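Each value in this text was obtained by applying a stated rule to the coordinates, not by laboratory testing. For clarity, every value in this text was computed on a predicted model and none was experimentally measured. Using ideal geometry, Cβ is built from the backbone for each residue, glycine included, and neighbour counts are taken over all protein chains shown.
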Amino acid sequence: MQPASIPGSPNIDYARPGKVENVPGHYTVGLVAKGKADRVAVVAEDALIAALRVKAERPDATITYVRRQNRRGDARHPSHTLTANRR
């Protein structure tokens, strides 16, 4: 029997109580720093962790949005990775 899963949630195996797998996902974090808008690609367990990683590396930035990456849109308009975004 296949374990039930809910789209957009962590992979939870309902057959085994108490077992939760945090599978990292790819997120795009939009930010404004020094008056310029930018976006950064982050691998994280959820959106909050992705935003906190960007804020830890760029404390002067204002986080404007966090979203899951999609293949089509992000392939056409690639974003920077977190460490490559240092200036």
> Rounded to the nearest 0.05, what FRET efficiency do VAL23 and THR81 have when you use their Cβ-Cβ distance and R0 = 22 Å?
Replying inline: 0.70
>> What does the C-alpha gyration tensor say about the overall shape of region 23-81? Classify as rounded when a/c is under 1.5, otherwise prolate if a/b is larger than b/c, or oblate.
In response: oblate
